[in-house]
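The values are calculated or read from the model by the stated rules, or taken from the named source; none is laboratory data. Everything numeric in this text was worked out from a predicted model, so none of it was measured. Every residue, glycine among them, receives a Cβ derived from its backbone with ideal geometry; neighbour counts consider all protein chains shown. SASA here: full protein model, heavy atoms, side chains in, ligands and nucleic acids out. Shrake-Rupley method; radii C 1.70, N 1.55, O 1.52, S 1.80 Å.
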Amino acid sequence: MEGIEHRTVNVNGINMHVAEKGKGPVVLFLHGFPELWYMWRHQIVALADQGYRAVAPDLRGYGDTDAPKEVTNYTYFRVVGDLVALIESLGVESVFLVAHDWGAMIGWYLCLFRPDLVKAYVCLSVPFRPRHPKMKPIPTMRAFLGDDYYMCRFQDPGMEDEMAKYGSEAVLKKILIDRKPGPPCLPKDNPFGISTDDKLPLWLSQDDLNYYSTKFDQKGFTGGLNYYRALDLNWELTAPWTGVKVNVPVKFVVGDLDVVYTTPGMKEYVHGGGFKKDVPMLEDVVVLEGAAHFINQERAQETNSHIYDFINKF
(Lines give C-alpha, C1' and ligand atoms only; values in the text may rest on other atoms or scores of the structure.)
Protein backbone atom coordinates (compact mmCIF):
# COMPACT_ATOMS: atom_id res chain seq x y z
CA MET A 1 0.00 0.00 0.00
CA GLU A 2 3.03 2.21 -0.38
CA GLY A 3 2.21 5.56 -1.94
CA ILE A 4 -1.46 5.68 -0.93
CA GLU A 5 -2.20 9.21 0.25
CA HIS A 6 -4.81 10.17 2.83
CA ARG A 7 -6.66 13.43 3.25
CA THR A 8 -9.89 14.87 4.61
CA VAL A 9 -12.39 16.67 2.37
CA ASN A 10 -15.39 18.70 3.49
CA VAL A 11 -18.37 17.47 1.46
CA ASN A 12 -22.08 18.03 1.91
CA GLY A 13 -21.65 19.24 5.49
CA ILE A 14 -19.41 16.42 6.73
CA ASN A 15 -15.67 15.72 6.84
CA MET A 16 -14.85 12.72 4.65
CA HIS A 17 -11.64 10.71 4.78
CA VAL A 18 -10.30 9.78 1.34
CA ALA A 19 -7.50 7.42 0.33
CA GLU A 20 -6.07 7.82 -3.15
CA LYS A 21 -3.20 6.93 -5.43
CA GLY A 22 -2.22 7.53 -9.03
CA LYS A 23 -2.77 10.02 -11.80
CA GLY A 24 -5.20 9.84 -14.72
CA PRO A 25 -8.94 9.27 -15.09
CA VAL A 26 -10.63 8.90 -11.71
CA VAL A 27 -11.90 5.52 -10.51
CA LEU A 28 -14.15 6.03 -7.48
CA PHE A 29 -14.43 3.03 -5.14
CA LEU A 30 -17.35 2.65 -2.71
CA HIS A 31 -17.13 0.14 0.15
CA GLY A 32 -19.96 -1.69 1.89
CA PHE A 33 -20.79 -3.02 5.36
CA PRO A 34 -18.89 -3.58 7.59
CA GLU A 35 -15.90 -2.20 5.74
CA LEU A 36 -13.78 0.84 4.99
CA TRP A 37 -11.71 2.32 2.17
CA TYR A 38 -9.23 -0.40 3.15
CA MET A 39 -11.23 -3.12 1.43
CA TRP A 40 -10.04 -1.65 -1.89
CA ARG A 41 -6.33 -1.80 -0.98
CA HIS A 42 -5.51 -4.24 -3.81
CA GLN A 43 -7.56 -2.36 -6.41
CA ILE A 44 -6.14 1.06 -5.49
CA VAL A 45 -2.60 -0.09 -6.14
CA ALA A 46 -3.45 -2.06 -9.29
CA LEU A 47 -5.50 0.67 -10.97
CA ALA A 48 -2.97 3.37 -10.07
CA ASP A 49 -0.26 1.25 -11.70
CA GLN A 50 -2.44 1.03 -14.82
CA GLY A 51 -2.73 4.77 -15.26
CA TYR A 52 -5.76 5.71 -13.19
CA ARG A 53 -6.36 7.92 -10.17
CA ALA A 54 -7.90 5.55 -7.64
CA VAL A 55 -10.04 7.28 -5.00
CA ALA A 56 -11.60 5.39 -2.08
CA PRO A 57 -13.47 7.27 0.67
CA ASP A 58 -14.72 6.06 4.00
CA LEU A 59 -18.45 6.60 3.48
CA ARG A 60 -20.36 8.64 6.05
CA GLY A 61 -20.65 6.72 9.30
CA TYR A 62 -17.42 4.77 8.76
CA GLY A 63 -13.76 4.97 9.67
CA ASP A 64 -12.29 8.44 9.72
CA THR A 65 -15.33 10.09 8.11
CA ASP A 66 -17.93 11.89 10.23
CA ALA A 67 -20.83 9.78 11.56
CA PRO A 68 -24.01 11.79 12.16
CA LYS A 69 -26.23 10.00 14.67
CA GLU A 70 -29.72 10.29 13.16
CA VAL A 71 -30.97 7.62 10.75
CA THR A 72 -32.29 10.38 8.47
CA ASN A 73 -28.67 11.29 7.70
CA TYR A 74 -28.16 7.97 5.88
CA THR A 75 -30.67 8.14 3.05
CA TYR A 76 -29.63 7.65 -0.59
CA PHE A 77 -29.97 11.39 -1.04
CA ARG A 78 -27.57 12.25 1.76
CA VAL A 79 -24.93 9.73 0.76
CA VAL A 80 -25.19 10.40 -2.98
CA GLY A 81 -24.94 14.09 -2.09
CA ASP A 82 -21.62 13.34 -0.39
CA LEU A 83 -20.36 11.67 -3.56
CA VAL A 84 -21.50 14.45 -5.87
CA ALA A 85 -19.57 16.93 -3.72
CA LEU A 86 -16.56 14.60 -3.59
CA ILE A 87 -16.47 14.24 -7.38
CA GLU A 88 -16.67 18.02 -7.73
CA SER A 89 -13.77 18.40 -5.27
CA LEU A 90 -11.65 16.12 -7.47
CA GLY A 91 -11.89 18.62 -10.30
CA VAL A 92 -13.35 16.19 -12.83
CA GLU A 93 -16.64 16.08 -14.72
CA SER A 94 -17.23 12.35 -14.33
CA VAL A 95 -15.70 9.18 -12.90
CA PHE A 96 -15.52 5.46 -13.40
CA LEU A 97 -17.41 3.84 -10.54
CA VAL A 98 -16.59 0.57 -8.75
CA ALA A 99 -18.66 -0.46 -5.75
CA HIS A 100 -19.50 -3.42 -3.50
CA ASP A 101 -22.30 -4.35 -1.09
CA TRP A 102 -23.87 -1.17 0.38
CA GLY A 103 -21.48 0.82 -1.74
CA ALA A 104 -23.06 -0.92 -4.73
CA MET A 105 -26.52 0.15 -3.56
CA ILE A 106 -25.32 3.74 -3.24
CA GLY A 107 -23.64 3.36 -6.62
CA TRP A 108 -26.91 2.42 -8.30
CA TYR A 109 -28.56 5.53 -6.92
CA LEU A 110 -25.65 7.73 -7.97
CA CYS A 111 -26.18 6.33 -11.48
CA LEU A 112 -29.94 6.82 -11.18
CA PHE A 113 -29.82 10.38 -9.83
CA ARG A 114 -26.71 11.67 -11.66
CA PRO A 115 -25.85 9.50 -14.68
CA ASP A 116 -23.90 12.44 -16.08
CA LEU A 117 -21.26 11.88 -13.41
CA VAL A 118 -20.60 8.18 -14.15
CA LYS A 119 -18.72 7.07 -17.27
CA ALA A 120 -19.19 3.37 -16.50
CA TYR A 121 -19.99 1.26 -13.46
CA VAL A 122 -18.40 -2.01 -12.33
CA CYS A 123 -20.79 -3.37 -9.71
CA LEU A 124 -19.77 -6.15 -7.34
CA SER A 125 -22.22 -8.42 -5.51
CA VAL A 126 -25.45 -6.38 -5.36
CA PRO A 127 -27.51 -5.92 -8.54
CA PHE A 128 -29.92 -3.05 -9.02
CA ARG A 129 -33.31 -3.73 -7.50
CA PRO A 130 -36.12 -1.51 -8.70
CA ARG A 131 -38.50 0.08 -6.25
CA HIS A 132 -41.74 -1.88 -5.87
CA PRO A 133 -44.53 0.59 -5.11
CA LYS A 134 -46.49 -1.87 -2.95
CA MET A 135 -43.65 -3.64 -1.13
CA LYS A 136 -42.01 -1.69 1.68
CA PRO A 137 -38.58 -3.28 2.19
CA ILE A 138 -38.40 -4.31 5.86
CA PRO A 139 -41.97 -5.65 6.25
CA THR A 140 -41.48 -7.55 2.98
CA MET A 141 -38.22 -9.06 4.19
CA ARG A 142 -39.80 -10.07 7.49
CA ALA A 143 -42.60 -11.80 5.63
CA PHE A 144 -40.39 -13.71 3.21
CA LEU A 145 -37.11 -14.21 5.11
CA GLY A 146 -38.12 -14.04 8.79
CA ASP A 147 -37.33 -11.87 11.78
CA ASP A 148 -33.80 -13.28 12.10
CA TYR A 149 -32.82 -12.15 8.61
CA TYR A 150 -29.88 -9.83 9.20
CA MET A 151 -31.44 -6.71 7.66
CA CYS A 152 -34.46 -7.17 9.94
CA ARG A 153 -32.26 -7.76 12.98
CA PHE A 154 -30.28 -4.61 12.19
CA GLN A 155 -33.46 -2.57 12.74
CA ASP A 156 -33.23 -3.41 16.45
CA PRO A 157 -31.86 -0.41 18.40
CA GLY A 158 -30.18 -2.89 20.72
CA MET A 159 -28.04 -4.41 17.96
CA GLU A 160 -25.03 -2.30 18.94
CA ASP A 161 -25.19 -3.71 22.46
CA GLU A 162 -25.31 -7.25 21.07
CA MET A 163 -22.24 -6.53 18.95
CA ALA A 164 -20.44 -4.99 21.92
CA LYS A 165 -20.79 -8.26 23.85
CA TYR A 166 -18.70 -10.02 21.22
CA GLY A 167 -16.33 -7.16 20.38
CA SER A 168 -15.54 -5.60 17.02
CA GLU A 169 -12.95 -8.18 16.01
CA ALA A 170 -15.26 -11.15 16.54
CA VAL A 171 -18.18 -9.46 14.75
CA LEU A 172 -16.03 -8.51 11.78
CA LYS A 173 -14.41 -11.93 11.58
CA LYS A 174 -17.80 -13.64 11.62
CA ILE A 175 -19.11 -11.52 8.76
CA LEU A 176 -15.94 -11.46 6.66
CA ILE A 177 -15.14 -15.18 6.69
CA ASP A 178 -18.70 -16.53 6.46
CA ARG A 179 -19.08 -18.55 3.22
CA LYS A 180 -22.52 -20.03 3.82
CA PRO A 181 -24.74 -19.30 0.81
CA GLY A 182 -28.28 -18.01 1.17
CA PRO A 183 -29.86 -15.23 3.20
CA PRO A 184 -27.73 -14.50 6.31
CA CYS A 185 -29.55 -14.86 9.61
CA LEU A 186 -28.54 -13.73 13.07
CA PRO A 187 -30.19 -16.01 15.64
CA LYS A 188 -30.91 -14.20 18.86
CA ASP A 189 -29.17 -16.79 21.03
CA ASN A 190 -25.74 -16.49 19.37
CA PRO A 191 -25.68 -14.05 16.42
CA PHE A 192 -21.93 -13.57 16.10
CA GLY A 193 -20.54 -16.75 17.58
CA ILE A 194 -17.63 -18.35 15.75
CA SER A 195 -15.82 -21.60 16.31
CA THR A 196 -12.27 -21.58 17.59
CA ASP A 197 -11.53 -23.70 14.50
CA ASP A 198 -12.54 -20.85 12.17
CA LYS A 199 -9.24 -19.65 10.77
CA LEU A 200 -8.68 -16.52 8.73
CA PRO A 201 -8.62 -17.16 4.96
CA LEU A 202 -5.47 -16.45 2.98
CA TRP A 203 -6.92 -13.20 1.66
CA LEU A 204 -7.49 -11.74 5.15
CA SER A 205 -4.50 -11.42 7.46
CA GLN A 206 -4.59 -10.72 11.17
CA ASP A 207 -3.12 -7.31 10.39
CA ASP A 208 -6.04 -6.64 8.03
CA LEU A 209 -8.52 -7.69 10.69
CA ASN A 210 -6.74 -5.54 13.25
CA TYR A 211 -7.02 -2.48 11.01
CA TYR A 212 -10.76 -2.98 10.59
CA SER A 213 -11.42 -3.74 14.25
CA THR A 214 -9.41 -0.74 15.47
CA LYS A 215 -11.48 1.61 13.32
CA PHE A 216 -14.78 0.03 14.40
CA ASP A 217 -13.66 0.14 18.04
CA GLN A 218 -13.21 3.88 17.59
CA LYS A 219 -16.31 4.63 15.51
CA GLY A 220 -18.74 1.89 16.44
CA PHE A 221 -21.22 0.17 14.13
CA THR A 222 -24.14 2.63 14.38
CA GLY A 223 -23.25 4.54 11.22
CA GLY A 224 -23.13 1.36 9.15
CA LEU A 225 -26.33 -0.01 10.70
CA ASN A 226 -28.14 3.24 9.95
CA TYR A 227 -27.95 2.49 6.22
CA TYR A 228 -30.16 -0.53 6.87
CA ARG A 229 -32.39 1.44 9.23
CA ALA A 230 -33.02 3.99 6.48
CA LEU A 231 -34.27 1.39 3.97
CA ASP A 232 -37.97 2.04 4.53
CA LEU A 233 -37.39 5.80 4.54
CA ASN A 234 -35.52 5.47 1.24
CA TRP A 235 -38.46 3.54 -0.18
CA GLU A 236 -40.79 6.38 0.78
CA LEU A 237 -38.54 9.13 -0.55
CA THR A 238 -37.75 7.48 -3.89
CA ALA A 239 -41.39 7.13 -4.98
CA PRO A 240 -40.83 9.63 -7.85
CA TRP A 241 -38.18 7.28 -9.31
CA THR A 242 -40.48 4.25 -9.52
CA GLY A 243 -39.92 2.62 -12.89
CA VAL A 244 -36.90 4.75 -13.83
CA LYS A 245 -34.12 2.76 -15.53
CA VAL A 246 -30.38 3.02 -14.93
CA ASN A 247 -28.78 4.41 -18.08
CA VAL A 248 -25.06 3.91 -17.46
CA PRO A 249 -22.79 1.22 -18.97
CA VAL A 250 -22.54 -1.56 -16.36
CA LYS A 251 -20.54 -4.72 -15.73
CA PHE A 252 -21.75 -6.92 -12.87
CA VAL A 253 -19.40 -9.33 -11.08
CA VAL A 254 -20.48 -11.73 -8.33
CA GLY A 255 -19.30 -14.92 -6.62
CA ASP A 256 -21.47 -18.00 -7.02
CA LEU A 257 -21.47 -18.43 -3.20
CA ASP A 258 -22.38 -14.79 -2.54
CA VAL A 259 -25.10 -14.34 0.10
CA VAL A 260 -26.92 -11.83 -2.11
CA TYR A 261 -26.67 -13.87 -5.31
CA THR A 262 -27.92 -17.01 -3.50
CA THR A 263 -30.92 -15.25 -1.91
CA PRO A 264 -34.17 -16.70 -3.34
CA GLY A 265 -35.18 -14.99 -6.58
CA MET A 266 -31.87 -13.20 -7.17
CA LYS A 267 -30.37 -15.52 -9.78
CA GLU A 268 -33.64 -15.46 -11.70
CA TYR A 269 -33.60 -11.66 -11.70
CA VAL A 270 -29.94 -11.42 -12.74
CA HIS A 271 -30.09 -14.00 -15.53
CA GLY A 272 -33.78 -14.04 -16.49
CA GLY A 273 -34.05 -10.64 -18.16
CA GLY A 274 -35.25 -8.51 -15.24
CA PHE A 275 -31.82 -7.03 -14.54
CA LYS A 276 -31.24 -6.17 -18.20
CA LYS A 277 -34.71 -4.61 -18.41
CA ASP A 278 -33.99 -2.30 -15.47
CA VAL A 279 -30.40 -1.60 -16.58
CA PRO A 280 -30.56 -1.46 -20.40
CA MET A 281 -26.84 -0.72 -20.73
CA LEU A 282 -25.83 -3.81 -18.74
CA GLU A 283 -23.02 -5.18 -20.88
CA ASP A 284 -21.73 -8.16 -18.95
CA VAL A 285 -22.53 -10.44 -16.00
CA VAL A 286 -19.61 -12.43 -14.59
CA VAL A 287 -20.08 -15.19 -11.99
CA LEU A 288 -16.86 -16.29 -10.28
CA GLU A 289 -17.01 -19.95 -9.31
CA GLY A 290 -16.07 -20.80 -5.74
CA ALA A 291 -16.07 -17.16 -4.63
CA ALA A 292 -18.16 -15.72 -1.81
CA HIS A 293 -19.24 -12.16 -0.95
CA PHE A 294 -15.98 -10.25 -0.55
CA ILE A 295 -14.69 -11.05 -4.03
CA ASN A 296 -12.46 -8.01 -4.50
CA GLN A 297 -10.32 -9.28 -1.61
CA GLU A 298 -10.80 -13.02 -2.01
CA ARG A 299 -10.12 -12.90 -5.76
CA ALA A 300 -8.22 -9.64 -6.00
CA GLN A 301 -6.31 -10.20 -9.24
CA GLU A 302 -9.36 -11.46 -11.13
CA THR A 303 -11.40 -8.53 -9.86
CA ASN A 304 -8.67 -6.09 -10.88
CA SER A 305 -8.68 -7.55 -14.39
CA HIS A 306 -12.46 -7.36 -14.70
CA ILE A 307 -12.43 -3.72 -13.63
CA TYR A 308 -9.59 -2.71 -15.94
CA ASP A 309 -10.88 -4.63 -18.96
CA PHE A 310 -14.26 -2.88 -18.70
CA ILE A 311 -13.30 0.72 -17.95
CA ASN A 312 -10.43 0.60 -20.45
CA LYS A 313 -13.05 0.45 -23.23
CA PHE A 314 -14.27 4.00 -22.51
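If each DSSP helix of 4+ residues adds -39,500 (n - 2.57) and the sum is divided by the residues in the chain, what number results at 222 nm, nearest 500 deg cm²/dmol?
On the way: 14 runs with 122 residues, N = 314.
My calculation for the chain gives -11000 deg cm²/dmol from helical runs alone.
Calculated FRET efficiency, Trp241 and Thr140, Cβ-Cβ r, R0 22 Å, to nearest 0.05?
Here the calculated transfer efficiency is 0.75.
Dipole of segment 113-255 (Lys/Arg Cβ +1, Asp/Glu Cβ -1, origin at the Cα centre): which of Leu176, Thr140, Pro127 lies farthest to the positive side?
Pro127
Let me know the charge dipole size of the chain about its Cα centre in debye, to the nearest 20, where only the beta-carbon of Lys, Arg (+1) and Asp, Glu (-1) is charged.
So the dipole magnitude of the chain works out to roughly 800 debye.
Which label belongs to the value computed from this structure, given these candidates for log10 I(q)/I(0) by the Debye sum over Cα atoms at q = 0.10, 0.11 Å⁻¹: (i) -0.59, -0.70; (ii) -0.70, -0.78; (iii) -0.52, -0.64?
(iii)
Find the accessible area per residue for the chain; the probe is 1.4 Å, ligands and nucleic acids are left out, and the unit is Å².
Working: 13040 Å² over 314 residues.
Accessible area per residue, the chain: 42 Å².
Measure out, as a whole number of angstrom, how far apart the alpha-carbon centroids of segment 271-314 and segment 166-190 sit.
25 Å
Sequence gap at least 6, Cα distance under 8 Å: using those rules, report the relative contact order of segment 199-314 to the nearest whole percent. Please report the intermediate quantities before stating the final value.
Details: 90 pairs, mean separation 31.6, N = 116.
Dividing the mean separation by the residue count of segment 199-314 yields 27 percent.
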